[in-house]
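There's a structure below that I have some questions on.
The values are calculated or read from the model by the stated rules, or taken from the named source; none is laboratory data. Treat the numbers as computed from the prediction; the structure is a model and nothing was measured. Because the Cβ atoms are built from the backbone with ideal geometry, glycine has one as well, and the counts that use them run over all protein chains shown. Each accessible area value is taken on the protein alone, full model and side chains, heavy atoms only, with ligands, DNA and RNA left out. Shrake-Rupley method; radii C 1.70, N 1.55, O 1.52, S 1.80 Å.
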Amino acid sequence: MNQPVPIQIPLVTLRLHQKLSLAFVAIGFLMLGVALSPISEQYPIGMFLLSSGLITIGALAYIMPMWYDRKPGIKHDRIFFNSFVNRGVWGWIAAVFFTGFYVVLYWFPERLEYLIRTTDWLSGILRNKPADQWFLYGFYYTLAVMIMGLRMMAKNRHSRYQLIRTVSVIFFQLGFAFLLPGLLQKFNQPEFYFSYFWPLKYNYLFPNDINWLVSQPGGLGTFMVFWGAVMSFIATPILTYFFGKRWYCSWVCGCGGLAETLGDPYRHLSDKSLRSWKIERYSVYGVLAFVVITTAVVWINSLSNGLMLGSVSASFSNVYGFVIGALFSGVIGVGFYPLMGSRVWCRFGCPMAAYLGILQKYFSRFRITTNGGQCISCGNCSTYCEMGIDVRSYAQRGQNIVRASCVGCGICSAVCPRGVLNLENGPIHSRQ
């Protein structure tokens with residue numbers, strides 16, 4: 001009888017600076033909990049520095065040495081033995097933490113009141129008014145993208161594509177999704193996110209929002225309506241034709257930016273099964289149909305002055321906002337990173353990804369070319385595809401990859417030891 005072969009798990013020994021860095025991060029999170037108490041009213045800036053400040057310093061002290069004490073190239077040693085990133089106890093704790101934060105943020109924001117007060121000073125500088133739950137959320141969201149973006153750059157510094165792409169998602173999150181909307185409010189202009197368009201920002205084409213924007217003095221509101229319509233119906237098809245959906249999903253979108261930075265340690269957890277792919281198709285295109293119907297219903301109701309559909313349009317809008325806008329995109333979309341991978345929302349729920357996917361599948365020059373003769377079937381490409389695509393099966397056959405779900409992050413190409421995969425934008429007739 002064959003004896004089982006023992007598996008020895010490689011040990012990892014943390015250096016002194018790494019231990020100190022993690023201690024700073026742990027103390028910062030501890031102080032974040034303390035900041036939920038009334039003490040934040042007395043010392044708001046002090047609690048801000050002791051919580052966010054220590055987390056930032058500790059994280060940067062841990063990440064930045066990666067630039068010089070590790071050789072360039074992606075290292076995934078021990079990733080399947082790490083409890084935090086492979087659905088172990090710490091992974092479940094992280095999932096409960098993320099999910100719980102979103103539940104409190106959406107439905108019990110009063111529980112965050114004292115923590116919100118720690119960011120009043122920053123909101124005052126940026127927006128000229130006190131912070132609220134969404135400013136707090138935007139601050140920590142942006143901080144996470146920036147810190148984990150630096151980690152992503154250190155990890156992938158051998159790849160020029162990954163460096164530029166990561167700089168891009170940090171730039172759009174910091175500039176277009178945090179600073180610019182705040183400054184608009186400071187100068188008494190409508191809060192507007194120029195990096196989000198319909199159908200992802202579904203209410204940007206709702207009649208009430210359009211009428212409100214157009215009624216704003218100065219003409220900027222009218223330009224915002226024009227910008228949103230042009231980006232949704234003209235720029236998006238053109239850019240997707242030339243570059244695939246990656247121009248948005250992996251370079252501009254804030255949801256994609258968080259997935260590519262904070263969610264990067266969990267990208268290998270995406271389900272690659274055929275069953276998952278079938279669920280994905282029904283789910284993501286179902287959400288797209290839902291938002292199209294909802295938009296049509298609210299417009300019909302608006303144009304008929306409520307005579308045709310009554311309160312039905314409001315019900316559609318409210319259900320979509322609760323189920324898709326809050327529960328799916330926030331609670332599940334980010335909360336389930338440690339359990340289902342980094343692109344749960346993008347893969348199963350994002351209507352913009354569905355819209356871009358249709359364009360990419362049928363009207364785009366983008367493809368990932370494969371050199372099947374060089375493939376050694378190691379499976380790295382499939383393992384680290386965050387969208388659950390079995391990239392290896394294409395590579396083994398030497399077949400170009402033209403998939404609606406591919407976000408063009410390029411990690412499959414970066415982790416390939418033989419250079420089999422290349423992201424290209426050749427003539428559309430030569431894709432297959």
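Could you list, in sequence order, the residues of segment 160-192 that are surrounded by fewer than 20 Cβ atoms within 10 Å (Cβ to Cβ), touching a residue at least 24 places away in the same chain (Cβ under 8 Å) and not in a helix (DSSP H, G or I)?
Those that are surrounded by fewer than 20 Cβ atoms within 10 Å (Cβ to Cβ), touching a residue at least 24 places away in the same chain (Cβ under 8 Å) and not in a helix (DSSP H, G or I): GLN189, PRO190.
ARG78 - would you say it is in contact (Cβ under 8 Å) with a residue 12 or more places away in the chain, of a type in the set (Lys, Arg) and open to solvent by 60 Å² or more (accessible area, probe 1.4 Å)? Outline the logic, then answer.
Details: in contact (Cβ under 8 Å) with a residue 12 or more places away in the chain: yes; of a type in the set (Lys, Arg): yes; open to solvent by 60 Å² or more (accessible area, probe 1.4 Å): yes.
Judged against the criteria, ARG78 is a match.
While we're looking at this one, here's another question. Identify the single condition in (1) buried (at least 18 other Cβ atoms within 10 Å of the Cβ); (2) within 23 Å of the chain's Cα centre (by Cα); (3) not in a loop (DSSP other than H, G, I, E, B) that VAL85 does not satisfy, given that it satisfies every other one.
Here VAL85 meets the rest and fails (3).
Mind telling me which of the residues CYS381, CYS346 ends up being in contact with a strand residue (DSSP E or B) (Cβ under 8 Å, 6 or more places away or on another chain), hydrophobic (A, V, I, L, M, F, W, C) and in a helix (DSSP H, G or I)? Write out each step before concluding.
Values: CYS346 fails: in contact with a strand residue (DSSP E or B) (Cβ under 8 Å, 6 or more places away or on another chain).
Testing whether each residue is in contact with a strand residue (DSSP E or B) (Cβ under 8 Å, 6 or more places away or on another chain), hydrophobic (A, V, I, L, M, F, W, C) and in a helix (DSSP H, G or I) leaves just CYS381.
Let me ask something additional. Name the one entry in GLY53, GLY28 that is without any contact (Cβ under 8 Å) to a residue 40 or more places away in the chain and touching a Leu at 6+ places or on another chain (Cβ under 8 Å).
Working: GLY53 fails: touching a Leu at 6+ places or on another chain (Cβ under 8 Å).
None of the others qualify; the one that does is GLY28.
Would you point out the residue of segment 128-146, among those that are open to solvent by less than 20 Å² (accessible area, probe 1.4 Å) and either in contact (Cβ under 8 Å) with a residue 40 or more places away in the chain or assigned to a loop (DSSP other than H, G, I, E, B) (or both), that is farthest from SER342 (Cα to Cα)? Break it down into steps so the answer makes sense when it comes.
Filtering segment 128-146 for residues open to solvent by less than 20 Å² (accessible area, probe 1.4 Å) gives 131, 135-136, 138, 142, 145.
Right, trim to either in contact (Cβ under 8 Å) with a residue 40 or more places away in the chain or assigned to a loop (DSSP other than H, G, I, E, B) (or both) and you get 131, 135, 138, 145.
Working: ALA131: 29, PHE135: 23, GLY138: 19, VAL145: 13 Å.
Applying the filter and picking the extreme gives ALA131.
While we're here: Restricting to segment 349-378, and then to whatever is in contact (Cβ under 8 Å) with a residue 40 or more places away in the chain, among the aromatic types (Phe, Trp, Tyr) and in a helix (DSSP H, G or I), can you tell me which residue is nearest to ARG281 (Cα to Cα)?
Here is the first cut: in segment 349-378, the residues in contact (Cβ under 8 Å) with a residue 40 or more places away in the chain are 349-361, 363-372, 374-376.
Within this subset, residues satisfying the condition of being among the aromatic types (Phe, Trp, Tyr) are 355, 363, 366.
Filter again for in a helix (DSSP H, G or I), leaving 355, 363.
Working: TYR355: 12, PHE363: 19 Å.
So, considering only residues that are in contact (Cβ under 8 Å) with a residue 40 or more places away in the chain, among the aromatic types (Phe, Trp, Tyr) and in a helix (DSSP H, G or I), the one nearest to ARG281 (Cα to Cα) is TYR355.
I would also like to ask the following. For the subset of segment 105-116 comprising residues that are farther than 16 Å from SER329 by Cβ and of a type outside the set (D, E, K, R), which member is surrounded by the fewest Cβ atoms within 10 Å (Cβ to Cβ)? Write out each step before concluding.
Within segment 105-116, the first condition is being farther than 16 Å from SER329 by Cβ, and the residues that meet it are 108-116.
From the residues that got through so far, the ones that are of a type outside the set (D, E, K, R) too are 108-109, 112, 114-116.
On the way: PHE108: 10, PRO109: 15, LEU112: 18, TYR114: 17, LEU115: 25, ILE116: 24.
Restricting to residues being farther than 16 Å from SER329 by Cβ and of a type outside the set (D, E, K, R), the top hit is PHE108.
For every residue, the table says whether it meets (1) at pLDDT below 95; (2) surrounded by fewer than 18 Cβ atoms within 10 Å (Cβ to Cβ); (3) touching a helix residue (DSSP H, G or I) at 6+ places or on another chain (Cβ under 9 Å).
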{"residue": "ARG343", "(1), (2), (3)": "yes, no, yes"}
{"residue": "LEU356", "(1), (2), (3)": "no, no, yes"}
{"residue": "TYR362", "(1), (2), (3)": "yes, yes, no"}
{"residue": "GLN374", "(1), (2), (3)": "yes, yes, yes"}
{"residue": "ASN400", "(1), (2), (3)": "yes, yes, yes"}
{"residue": "ASN422", "(1), (2), (3)": "yes, yes, yes"}
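Would you call LEU205 modelled with pLDDT of 95 or more and farther than 19 Å from LEU258 by Cα?
On the way: modelled with pLDDT of 95 or more: no; farther than 19 Å from LEU258 by Cα: yes.
No.
Oh, and also: Does any residue of segment 304-325 turn out to be modelled with pLDDT of 80 or more, part of a loop (DSSP other than H, G, I, E, B) and either touching a Gly at 6+ places or on another chain (Cβ under 7 Å) or surrounded by fewer than 21 Cβ atoms within 10 Å (Cβ to Cβ) (or both)?
yes
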